[in-house]
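Below is one structure, written out as structure tokens; the observations come after it.
The values are calculated or read from the model by the stated rules, or taken from the named source; none is laboratory data. This is a predicted model, so every value here is computed, not measured. Every residue, glycine as well, gets a Cβ built from its backbone with ideal geometry; the counts of neighbours run over all protein chains shown.
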Protein chains: 2
Amino acid sequence: MIERSEQQPSAANTGGTLARPTHEAPPPSEARPASEARPTHEARRPPEARPTLESVAERAGVSRATASRVVNGGAGVREALREKVRQAVDELGYAPNLAARTLVTRRNQAIAVVVAEPESRIFSDPFFAQHLRGISRELSAADNQMVLLMIEEQRDYDRVGRYLAGGHVDGVLLFSLHRSDPLPHIARRVGLPFVVGGRPGWSGAESDRELVYVDSDNRGGARLAVQHLRELGRSRIATITGPLDQTSSIDRLDGYRDLLPDGDPELIAEGDFTPDGGGRAMAALLARRPDLDAVFAASDSMASGALRVLREAGRRVPQDVAVVGFDDVESVAAWTEPPLTTVRQDIEEMGRLMARLLLRQLSGESGPAVGRPAAPTSVIIPTRLVERDSAR
Amino acid sequence: MIERSEQQPSAANTGGTLARPTHEAPPPSEARPASEARPTHEARRPPEARPTLESVAERAGVSRATASRVVNGGAGVREALREKVRQAVDELGYAPNLAARTLVTRRNQAIAVVVAEPESRIFSDPFFAQHLRGISRELSAADNQMVLLMIEEQRDYDRVGRYLAGGHVDGVLLFSLHRSDPLPHIARRVGLPFVVGGRPGWSGAESDRELVYVDSDNRGGARLAVQHLRELGRSRIATITGPLDQTSSIDRLDGYRDLLPDGDPELIAEGDFTPDGGGRAMAALLARRPDLDAVFAASDSMASGALRVLREAGRRVPQDVAVVGFDDVESVAAWTEPPLTTVRQDIEEMGRLMARLLLRQLSGESGPAVGRPAAPTSVIIPTRLVERDSAR
DNA sequence: GGACCTTCTGGGAGCGCTCTCAGAGCTGTT
DNA sequence: AACAGCTCTGAGAGCGCTCCCAGAAGGTCC
């Protein structure tokens with residue numbers, strides 16, 4: 001590890017022989033102190049007595065209650081007083097203490113996003129940021145915050161459970177549940193409404209009460225892909241599926257089968273959503289059915305691996321074999337050789353919808369039971385075909 | 001939009017002519033109610049009277065104070081009582097109310113991660129998830145939560161400022177600051193310690209007090225790349241830079257120049273971190289210096305664009321022109337044609353270090369001034385070269 | 001001008017927790 | 001047997017806020 005207190009290393013560091021830094025960085029406890037010791041953190045200790053509502057009220061010459069009213073919209077307070085309070089707020093730089101407010105209102109203005117990583121592709125694919133962006137957009141429009149909880153090991157479920165139980169959030173967004181995932185149960189137990197991203201594994205014993213989820217139209221997208229290949233006149237259309245314990249894989253395969261109900265099972269090979277897996281599946285397919293003239297890969301990554309194998313096998317794309325992917329990951333699909341025709345899904349919209357659905361449950365709760373909007377239903381986001389050279 | 005209350009559409013949906021769903025999804029307010037109306041949300045209203053410390057204490061036959069002690073570690077409580085309290089906690093399913101605790105301890109066990117999106121590449125590159133993962137790992141080990149705040153428009157700064165001022169987090173992690181970014185100022189004003197990811201734009205007026213940041217060794221990585229190209233015997237080494245208002249671009253260019261101080265300026269072209277931009281820069285380079293025999297692109301995306309232009313220009317890679325990228329984004333670098341030699345950075349470690357540095361500031365604060373660990377210094381994470389076919 | 005509204009305002013309780021402090025209960029010493 | 005010196009426990013205050021409710025202030029109507 002190289003440490004610097006200067007902004008830039010001097011060019012003198014650049015000796016002829018480059019001392020390659022070791023990859024393993026020592027823990028930062030070894031950090032060299034900055035050239036000049038930072039002034040003691042008096043900025044925070046003591047915490048600089050943040051102004052309270054009390055002090056605002058005093059300065060404005062009103063009661064705490066009136067000050068509170070003004071801060072929260074000011075309904076039913078005479079304009080003159082309202083103005084005085086607002087001024088006091090400004091002068092003092094007052095910001096309400098959220099913890100105190102939460103304690104009494106029981107509203108946190110925050111929702112949790114839980115990502116159970118090992119099971120989901122969320123880290124290997126670039127969708128994560130888009131998801132979050134969609135969620136964030138919707139949430140911040142309603143002045144809600146987003147607390148991100150990641151699960152990596154089994155014991156993290158406890159941590160997350162404790163946190164949710166701690167009442168710091170008003171609702172939960174869950175991602176790609178696998179079979180018997182304890183998360184819905186946990187959320188239910190602590191009484192938090194939740195919405196799931198991606199169709200859940202199977203509605204087993206736990207979830208007879210139906211879950212609200214948002215998903216891409218995987219099945220419809222697959223149909224789009226196969227239909228396109230057919231319109232191109234291809235008749236021996238193979239498919240490379242994702243891992244078949246994931247609903248997105250299953251749905252995409254189902255879409256393929258919708259249009260090819262009598263298809264040869266030899267034309268179906270299972271991949272794992274990685275380029276390598278896609279390549280291996282492609283090789284298997286080629287061995288079994290050398291006469292295939294099209295492939296629908298259930299992800300762009302797998303398609304890129306398939307493309308390489310096809311190239312190495314001397315097949316021209318799209319002349320000999322047309323290829324369609326799924327996802328439309330820009331950095332992959334647009335830059336394969338040749339560029340990939342693929343099915344695009346609107347990930348950001350998915351995130352946005354998840355948040356919207358959850359928010360609706362939240363507001364539904366506090367309203368009157370009669371005239372309350374109907375309980376939300378699951379939603380499927382449409383997909384569309386993006387044509388590039390690999391199948392044109 | 002297609003809505004379903006059933007888990008799967010029936011295959012009957014699959015008529016011959018596929019009615020392509022419109023892309024614009026109507027707002028979910030149009031959602032069709034589930035076949036059976038959800039039972040009124042009585043699970044939450046009334047909020048099912050979550051057990052309090054008080055009730056735990058009562059059940060265990062001790063005082064609230066003792067119960068509190070047990071819940072918080074149980075130091076100085078006789079084993080017998082401790083056991084009784086623990087049992088009461090279990091039976092009641094007690095979970096402490098975090099807001100109440102925060103109100104008195106002034107500790108939130110939460111830190112904010114602020115991403116000012118438009119300026120950063122954070123959404124176009126796949127690093128975001130890795131960053132968060134690193135941060136999450138470190139944070140949850142210390143039982144801290146992560147609140148994600150995204151900035152998209154100017155007015156979001158207000159929202160974020162208010163949130164930070166609300167005292168809901170103990171510290172802030174900031175990403176890729178641009179010149180005169182108001183964020184450090186805001187954090188400073190509300191008295192929150194912070195750490196920056198990526199070397200900040202320039203230490204202008206505001207930041208004479210030095211900032212703590214964590215960055216990849218962009219400069220060193222660039223040197224690695226150029227050095228490698230040189231060792232391959234290349235002598236006319238061009239570079240495609242990122243946008244030169246970003247420090248990572250600047251640092252990578254500086255690294256290039258470190259080894260080629262007398263280089264021809266015609267060998268330098270500015271890109272924009274996109275494949276297209278990389279392609280355009282490559283074309284310009286080829287026009288200016290048709291004799292170039294190597295290119296160092298400051299990102300894998302740009303390298304992939306360059307690769308295509310090179311291919312179209314009939315240059316063989318690596319025989320005619322060797323290419324090295326930067327980032328080592330697996331899904332891009334490993335699957336270009338040919339696969340890309342590139343500089344790998346350890347993003348997750350970056351996230352981890354940012355969190356660790358922040359946590360250290362936090363603990364430093366509450367400890368005694370004497371013997372407190374030295375104030376943290378900025379840290380640079382080493383990079384390393386990954387050799388693939390494009391420069392071998 | 002008094003009864004009766006309506007509109008505003010402030011007092012005060014209380015959200016669930018932590019933490020100080022005083023005192024209860026022990027043990028050990030003289 | 002008295003007392004010092006522990007350890008352990010509980011009463012109570014208070015964190016900053018919201019919101020209920022009582023009452024003040026001002027208007028209207030007979």
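Summary table below
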{"read-out": "Boolean, A:Ala75 is surrounded by fewer than 17 Cβ atoms within 10 Å (Cβ to Cβ), part of a helix (DSSP H, G or I), more than 9 Å from chain B (Cβ to nearest Cβ) and within 9 Å of DNA strand C (Cβ to nearest atom)", "value": "no"}
{"read-out": "Top-ranked residue in segment A:98-107 [being aliphatic (A, V, I, L, M) and at the interface with another protein chain (Cβ under 8 Å from one of its Cβ atoms); ranked as farthest from DNA strand C (Cβ to nearest atom)]", "value": "A:Leu98"}
{"read-out": "Qualifying residue in segment A:88-97 (condition: within 12 Å of DNA strand C (Cβ to nearest atom) and in contact (Cβ under 8 Å) with a residue 40 or more places away in the chain)", "value": "yes"}
{"read-out": "Matching residues, segment A:60-72, being assigned to a helix (DSSP H, G or I) and either basic (Lys, Arg) or more than 7 Å from DNA strand D (Cβ to nearest atom) (or both)", "value": "A:Ala60, A:Arg64, A:Thr66, A:Ala67, A:Arg69, A:Val70"}
{"read-out": "Residue that is surrounded by the fewest Cβ atoms within 10 Å (Cβ to Cβ) [pool: residues in segment B:48-59 that are within 13 Å of DNA strand D (Cβ to nearest atom) and closer than 22 Å to A:Arg189 by Cβ]", "value": "B:Glu54"}
{"read-out": "Answer residue from segment A:78-105, given it is more than 9 Å from DNA strand D (Cβ to nearest atom) and part of a loop (DSSP other than H, G, I, E, B) and is farthest from B:Arg101 (Cα to Cα) among those", "value": "A:Arg78"}
{"read-out": "In segment A:160-184, the residues that are farther than 9 Å from A:Val114 by Cβ and either assigned to a helix (DSSP H, G or I) or modelled with pLDDT of 90 or more (or both)", "value": "A:Gly161, A:Arg162, A:Tyr163, A:Ala165, A:Val169, A:Asp170, A:Gly171, A:Pro184"}
{"read-out": "Filtered residue count, segment B:243-285, keeping only those that are farther than 20 Å from B:Ala322 by Cβ and in contact with a Lys or Arg (Cβ under 7 Å, 6 or more places away or on another chain)", "value": "4"}
